[in-house]
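The values are calculated or read from the model by the stated rules, or taken from the named source; none is laboratory data. Keep in mind that what you see is a predicted model, and the values were worked out from it rather than measured. We place every Cβ from the backbone using ideal geometry, glycine too, and count neighbours over all the protein chains shown. Surface areas here come from the heavy atoms of the whole protein model, side chains and all, with no ligands, DNA or RNA. Shrake-Rupley method; radii C 1.70, N 1.55, O 1.52, S 1.80 Å.
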Amino acid sequence: MSFGTIAVSADDKDNIVWAPAFNRQPFVTRNGGSSWQPVSLPGAIGETPGSFKEFFYQRKTLTADKARAGTFYLYHSGETPNELLAGLWRSHDKGESWQKLFEGEIAPQSNYAAKLRAVPGKAGHLFFTSGHATAPDTRLRRSSDGGRQWQVLETVDRVDDIAFGKAAPGAAYPAIYISGRVEG
C-alpha cells in the first residue's frame, strides 16, 4: 500500500481520497487520515480493482473539483480483470459513493502517464491527456460538464502535463499551462 495519487476536497482538508499503486483499491478519509475506508466502484472484481498499476507511472488521474465541495473525479483505465471500470467516475458525496459519467478511454493509451486536472474556481471543468509520449493521440481534452463529454483541442497536439495559474488581466478563466506542443 504505497505510492499512487491523492486528492483533497475543495472545502475540507480532512476529506482525502487516495488511489494507491499496484492496482489497489482506492480509499477515502474524512478525518485527515486517522482512519480510512475502502472506495467501492460498482462492478469492481477481485482484490485489485484500482487503476494505478505500477508505482513508477506518472499518473495523476484522481482530482478534486476545485469549486464543488466534496466532489472527486477518478479516471479508471480498466486494467484486467476490471475492464468494465474503464472511464471517468465522480463522487459528489465526499468519496462515499461513485458513479461512472464517461465510458471507456478518454484518450488512447491512458493507462501509463495520464493526467486529469480540475480547473480552480470552475465547477465541473476538467482537462485530460494520456501524457504518453508514444501514444497515437496525446492531444489535450477538455470537459465543462464534469466529464460527461470531452472536446479535443486540435491545436494542442502533444501534452505531457497541465497546470493552472492566475487569470490574465481582464480574463475570467485561469491561465492554462502545459508541458507539451501547440500547432507542432
Might you let me know whether the range 112-129 holds any residue that is at positive phi and in contact (Cβ under 8 Å) with a residue 12 or more places away in the chain? yes
Selection from the range 143-184 of residues that are touching an Asp or Glu at 6+ places or on another chain (Cβ under 9 Å) and of a type in the set (Phe, Trp, Tyr): Tyr177
Do you know which of the residues in the range 3-43 that are under 14 Å from the mean Cα position of the chain (by Cα) and in a loop (DSSP other than H, G, I, E, B) is nearest to Ser91 (Cα to Cα)? Ser9
Number of positions in the range 1-41 that are among the charged types (D, E, K, R) and closer than 16 Å to Tyr73 by Cβ: 1
For the range 154-184: of the residues being in a strand (DSSP E or B) and open to solvent by less than 40 Å² (accessible area, probe 1.4 Å), which is farthest from Lys66 (Cα to Cα)? Val156
Filter the range 122-141 down to the residues that are open to solvent by 50 Å² or more (accessible area, probe 1.4 Å), within 17 Å of the chain's Cα centre (by Cα) and more than 20 Å from Ala86 (Cβ to Cβ) and list them by number. Lys122
